[in-house]
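Here the structure is laid out as structure tokens; the discussion comes afterwards.
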Amino acid sequence: MNPTEDQIYVIIFSTLFLGGLMSTFVIAMVFIHRQRQAQNKQKLEQIKSEHEKTLLNIENEIQQETLTYVGRELHDNIGQLLSLAKLYLGSAKPEKQTEGKETINQVISEVRALSKNLNLDWVESISIEEFISQQLKKIESTGYCNTTLESEFELGELPKDQKLVLIRVIQEILNNAIKHASPDMISVRIWKDENLKKIELKDNGKGFDPSLESSGSGMFNLKKRMETIGGDISITSSPGNGTLIHLLLPN
Amino acid sequence: MSDRFIEAFFTAYPQYSIPIDLLLLIGIFIFIKLPKEKKRNIHFLLPFVILCFSVFYQNLGSYTNYNYEFKKSVNAYFGNTEYPKFNLWLFNIAERQVGTILYLMLIKSYIRPFKRKIINWMIFIFIVTALVLQFSGIEPIYLNQPIIFAIGANMILFGCALYFTDLITHPSYLNRNPLRLTSFWQMTAIIFMFTLSYISSVALIYLYEVNPVLGSVLQSIGIYLGILTLAVLTISIASPLLPNIFDKEPF
């Protein structure tokens, strides 16, 4: 074999080698793509199932709270009204009878209002702004602390799952503030910053150390819930300095 | 039509000139048939531009072989009086420079937005390097330009690698079947064309001296891969008319 033949063989071999290498590369890419596609599908299904699980949990929690609220209303309000109606209707005086009928009418409207709370359809009919306003009014009506709501822009109609999560997260934050922070003031602000929709919840209560494990797990739960709807949460607090929470809504 | 004209345009390289002319006619016919918004879409417009440009410069090359005086005057304009029969200037400008830029732009249209900046920089660097090498006299425009070719081919292969990494990592690509994407077939054809062109550019002149049969086989590989790439581009233009075979590109 002379040097010229050698060089020709090298050229033939190089051509075949490069052709083979490229073919292998492209085929490998297709195989890797298939593999990753399957992994991605599995991951998406997992995220979807986690999302559904979270939503289910949230629905359960809201229903539990609603049932507690309904129970309290039945006992403290409707029960009292019915007892009063019984007393009025038991009286022989016609004016008491009339008052008894009016009380019965009041009971009917209270029961109607309560029945609306028993399923989650109210979530669809209420906006987040309305929900926050209702919650703040409830807090104020107990005389626990003052509240303010400032809405700089309309959140608009959100999908039911996002609304459910937001309602639950806001409820949880407000409950935590009342239970643990003893604030004089709770203020909520809805605003937009560089296309990011935000809800700011601020209280001037005791505050806490977010790095502590005891407070961390609850916050982790809130964060995880916000993430399931593509949002996020940021918490700024320190003992004695109140708490500032930003909810970042998905676009 | 004179015999020389027929020879220059049709019979000198019939295995190349006739198929690409046919591909251009098919490409024009399909492009006319496309809806208006598809005609403006870069995924169909750019393959059409590349097809038209490639067939145009190949025919211009044939014309330079037919009109010797024209070829000679262009060579003289570039300062080449030594080899007036060469039309390498056309090959260098059209295929090795403008062609490289067009293929880089095509690759750019298929990769995720943040990687497009890399391709923009590559195009910029390629243009500056090609101009410097030509104006400094290192690689005159009328002679073989191995350095410019190597830089361009490497950039295209790197661009293809960027595409394939997106193919196996980006969720938009992972949701699709690559075999139903015209971009996948385009990148495969481009990767083969430029890899095997490497061997041609390095060994062709040498092989023609020592083994002309093998030289012509090697050249044929390049020619057929060029036709294959143009055929893939023609099919890409037709892809909106074949929705059962091809999927929509994610980017």
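Observations, loosely collected:
- Choice from A:L166, A:L67, A:L174 with maximal GNM fluctuation in chain A (Cα, 10 Å cutoff): A:L67
- Rg and Dmax over the alpha-carbon atoms of the protein assembly as shown stand at 37.2, 131 Å.
- Residue with peak Gaussian network fluctuation, chain B [Cα springs, cutoff 10 Å], from B:V213, B:V98, B:V232: B:V213
- Separation of alpha-carbon centers, region A:58-135 and region B:137-182, rounded to whole Å: 70 Å
- Spin-label model distance (nm) - B:Y206 vs B:N67, 7 Å beyond Cα toward Cβ: 3.9 nm
- Extension gain (nm, one decimal) between A:E110 and A:S14, 0.36 nm per residue minus Cα-Cα: 25.8 nm
- Descending semi-axes in Å of chain A, equivalent ellipsoid built from Cα gyration tensor: 62, 24, 15
- Between A:Q46 and A:D76, the FRET efficiency from the beta-carbon distance, with R0 = 45 Å, is close to 0.50.
- Placing dummy labels 7 Å off each Cα toward the beta-carbon, the span from B:V49 to B:L157 is 2.6 nm.
- Ordered from longest to shortest, the equivalent ellipsoid semi-axes for chain B are 32, 22, 17 Å, each the square root of 5 times a Cα gyration tensor eigenvalue.
- Proximal charge balance of A:K192 [Cβ under 14 Å; K/R count +1, D/E count -1]: -4
- Relative protection proxy for B:49-62, A:19-32, from highest mean packing down: B:49-62, A:19-32 (other beta-carbon atoms within 10 angstrom).
- Take every pair of alpha-carbon atoms less than 8 Å apart whose residues are at least six positions apart; their mean separation over the length of chain B yields a relative contact order of 25 percent.
- MRE, 222 nm, helices only [DSSP H, n ≥ 4, -39500 (n - 2.57), over chain A, to nearest 500]: -22500 deg cm²/dmol
- Residue-averaged beta-carbon neighbours from other chains (10 angstrom radius) around A:11-20: 5
- Summing Lys and Arg as +1 and Asp and Glu as -1 over all other residues whose Cβ lies under 15 Å from the Cβ of A:V107 gives a net charge of -2.
- Cα convex hull of region A:3-118, projected area averaged across orientations, nm²: 10.6 nm²
- Among residues other than B:N41 with Cβ under 13 Å from its Cβ, the summed charge is +3 (Lys and Arg +1, Asp and Glu -1).
- Per-residue ³J(HN,Hα) for region B:163-177, Karplus 6.51 cos²θ - 1.76 cosθ + 1.60, θ = phi - 60°, Hz, x for Gly and Pro: 4, 5, 5, 5, 4, 9, 10, 7, x, 5, 7, 5, 7, 10, 8
- Span from the region B:27-54 Cα centroid across to the region B:64-91 one, whole angstrom: 32 Å
- GNM flexibility winner over chain B from B:I141, B:I205, B:I123 (Cα, springs under 10 Å): B:I205
- Backbone amide hydrogens, once placed in the peptide plane, bring A:T147 within less than 5 Å of A:I186, excluding anything fewer than 5 places away on its chain.
- Note on A:E140 and B:I26: the model spin-label points, each 7 Å out from Cα along the C-beta direction, lie 7.4 nm apart.
Quick note: the coordinates plus some simple rules give every number you see, no bench work behind them. Here the structure is a predicted model, which is why all the values come from computation and not from measurement. Using ideal geometry, Cβ is built from the backbone for each residue, glycine included, and neighbour counts are taken over all protein chains shown.
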